[in-house]
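Asker: One structure, pasted below without further comment.
Please treat every number below as a calculation from the coordinates, not as lab data. The shown structure was predicted, so the numbers you read here are calculated from the model rather than taken from an experiment. Heads up, the Cβs are rebuilt from the backbone with ideal geometry, glycines too, and the neighbour counts pull from every protein chain shown.
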Amino acid sequence: HLNKSLPYSQFLRVLRNNSQSHQCNLQLETMYNRFQARGYPHNILDEALKRARTAYTLPDSRDVKAANTRSIFPMQYTASVELTSSIRNNWNILALDPTLPEDLRQKPLFCY
């Protein structure tokens with residue numbers, strides 16, 4: 001079980017952590033060769049690589065912009081939720097401001 005899951009998880013990690021497809025392919029090839037040098041059979045490595053590529057699409061083909069449509073509102077952490085609740089509950093009033101840019105009209109994500 002570990003012989004199959006370890007290459008798969010490592011290939012998936014490389015795919016997830018690379019934003020450039022050329023660099024990603026080089027790292028996948030290097031990792032494939034290292035697993036092969038450690039005695040992993042070709043069929044297990046080929047299957048793991050195919051599964052990882054199927055499970056995770058490269059960032060070039062993902063719609064990154066759709067995931068980042070809400071603006072991020074950084075603020076100092078407080079245990080009270082009154083401020084964030086007030087902003088969320090009244091955001092529709094703020095969004096009516098004609099001077100507010102269009103990309104800020106959606107409710108923001110709060111971060112601390």
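Asker: Expressed as a rounded percentage, what relative contact order does the chain have, with Cα pairs under 8 Å and six or more residues apart?
Answerer: Across the chain, relative contact order equals 29 percent.
Asker: Using only the C-alpha atoms of the chain, find the volume of their convex hull and express it per residue in Å³.
Answerer: Looking at the chain, the number lands at 170 Å³ per residue.
Asker: For the pair L2 and A79, how long in nm is the line joining their label points, each one 7 Å along Cα→Cβ?
Answerer: 4.4 nm
Asker: With 10 angstrom as the radius, rank Y56, Y112, Y32 by how many other C-beta atoms surround their C-beta, starting from the fewest.
Answerer: So the ranking, lowest neighbour count to highest, is Y112, Y56, Y32.
Asker: What residues qualify as long-range amide H neighbours of F110, i.e. H under 5 Å apart, gap of 5 or more or another chain, H built at 1.01 Å from N?
Answerer: F73
Asker: When a footprinting reagent is the concern and you count Cβ atoms within 10 Å, what order do M75, M31 take, fewest first?
Answerer: Taking fewest neighbouring Cβ atoms as first place, the list is M75, M31.
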